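Reading through the structure tokens given below for one structure.
Derivation of every value follows stated rules applied to the coordinates shown; laboratory data play no part. From a predicted model like this one, the values you see are computed outputs, not experimental measurements. All Cβ positions, even for glycine, are placed from backbone atoms using ideal geometry, and neighbour counts span all protein chains on display.
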Amino acid sequence: MIKKLRKKFIAIAMCSMALVLFVIMAGINTANYTNVCRNADMRIHVIAENDGKFPENPADDNPQDDNQTPPEPKKEKELARRDISPESAFDTRFFTVTLTDKGTVDQVDTGKIAAVSTKEAKKYAASLYKKQHTLGFISCYRYQLVTTGDNTRMYIFVNCERELNTFHTFLLASIGISLAGLLLVFLLVVLFSGMLVKPVAESYEKQKRFITDASHEIKTPLTIIDANTEVLEMTGGENQWTKSTRKQIARLTSLTEKLVFLSRMDEESTQLEMTDFAISDAVIDTAEPFVSYAASRGKTLELDIAPDLTYHGNEGCIRQCVSLLLDNAVKYSTENGKLRLTFHKQGRALTLTVWNTTDPIPVGRHDELFERFYRPDSSRNTKTGGHGIGLSVVHAIATAHKGKISAKSEDGNSLTFSILLN
């Protein structure tokens, strides 16, 4: 159990770290990509406003007197307002493709780029127009279909190769650094998790040792009390007091046996003896006596057990599992309630289901019922003689057989326990 706890701690720590790194890296790289798109779109907008040209000379066309301070040029103001450097006119590589009203290519301008020929430019524009794409990336070019000042439709392509290369380099670097960081954190967590769970392990070992020692110590006086009660019945006859004593001895004996069993199952070195056996016969032999037991309490138990099924496991534990589930169903079902046990093969797995009517409970899963000494209704458990540990034994048996167990309510008025054995 301590190994499972340590593995779970490592898994949670690594998942949390990975999630945080993913959010950080995703946020940074998304911001970088958005910035690349925003800068390209601003340049496209400037080109569109200038009818497919980038303003190369921002100086005002009207010269100023040498003794006068020249006003800031209009085009330079416009570039500054858009947060575009005046040097952009010299490092922006772009080309444009003008379209006719029917969508065919009318004019191509590749004067500001050397990497694209006129033929390639036409091919890009025709492909995008056919797909009705108006904004995005094609190869390393950011494109947009715009309407210029004379109502001419034009595809403007801006080269973003340098920006995209920088983005991709940073993306790969951030992924590599994140993976390296995760590996380092994993090594540190593995190293220090042992120190972290050590107090828990020591406490757990003390608890197991106490339960085992106490259970064995209780068995001796119980045996003596049982023998003394038998002597009293032989000398003075059976009466209500001796009957009550024997009943309480049986309860304590059952409780100590379950505690010892759970303590043994918690030990990671414990291995159940597994053999091939007729599981259908085992389930039938165990379940049939509960039909009359349920009837004696005014309840109805139906059995639906597939015949001739075999299984590789511990027959004694499987019988104990069926017995505990049915005993729990009889005790905690409603007055004049109905119970049903089904056992069938589904694919390669075997499914054991115990269903019973119950008092109103929340709809959904109720895995808390498998917790040790869990008692949702103390007064009711006292009346039925439950310890709140039987279902914990069932869970331990199912886990030891690599099975899956669940408890759920479909309608709020019934409870279903299911065990899937592979």
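Okay, here's what the table says:
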| quantity | calculated |
| --- | --- |
| Dipole magnitude of region 275-421, debye to nearest 20 (Cβ charges: Lys/Arg +1, Asp/Glu -1, about Cα centre) | 300 |
| Debye, to nearest 20: dipole size of the chain, +1 on Lys, Arg Cβ, -1 on Asp, Glu Cβ | 720 |
| q = 0.10, 0.17 Å⁻¹, region 275-421: log10 I(q)/I(0) [Debye, one scatterer per Cα] | -0.31, -0.95 |
| Vicinal HN-Hα couplings computed from phi for region 153-158 (Karplus, 6.51 cos²θ - 1.76 cosθ + 1.60; Hz; Gly/Pro x) | 7, 9, 8, 10, 10, 10 |
| Cβ-based exposure ranking for Y155, Y311, in which fewest neighbours within 10 Å come first | Y311, Y155 |
| Cross-link pairs K219/K247; K208/K247; K219/K331 - those with Cα-Cα distance over 19 Å | K208/K247; K219/K331 |
| Volume in Å³ per residue [convex hull over Cα atoms, computed for the chain] | 299 |
| Charge dipole (debye, nearest 20) of region 164-273; +1 at Cβ of Lys and Arg, -1 at Cβ of Asp and Glu | 300 |
| Residue order, fewest to most beta carbons within 10 Å, for L309, L339, L183 | L183, L309, L339 |
| Lys/Arg +1, Asp/Glu -1 at C-beta; the chain dipole; positive extreme among P360, Y311, N165 | Y311 |
| Longest segment of the chain lacking GluC sites (Glu not before Pro) that sit in a DSSP loop with at most 15 other Cβ atoms within 10 Å | 88-237 |
| For region 275-421, with +1 on Lys and Arg beta carbons and -1 on Asp and Glu, the positive-most of T300, L324, F343 along the dipole | L324 |
| Percent antiparallel among DSSP beta bridges (both partners in the chain, rounded to 5) | 90 |
| Value at 222 nm in deg cm²/dmol, rounded to 500, when DSSP H runs of n ≥ 4 in the chain each add -39,500 (n - 2.57) | -19000 deg cm²/dmol |
| 5 angstrom amide H check on I389, placed H, neighbours 5+ away | F373 |
| Mean Kyte hydropathy of -0.5 or more with a Cα span along the axis of at least 20 Å, helices from DSSP in the chain | 2-49, 161-236, 279-296, 315-332 |
| Alpha-carbon centroids, region 278-345 and region 397-422: separation in whole Å | 14 |
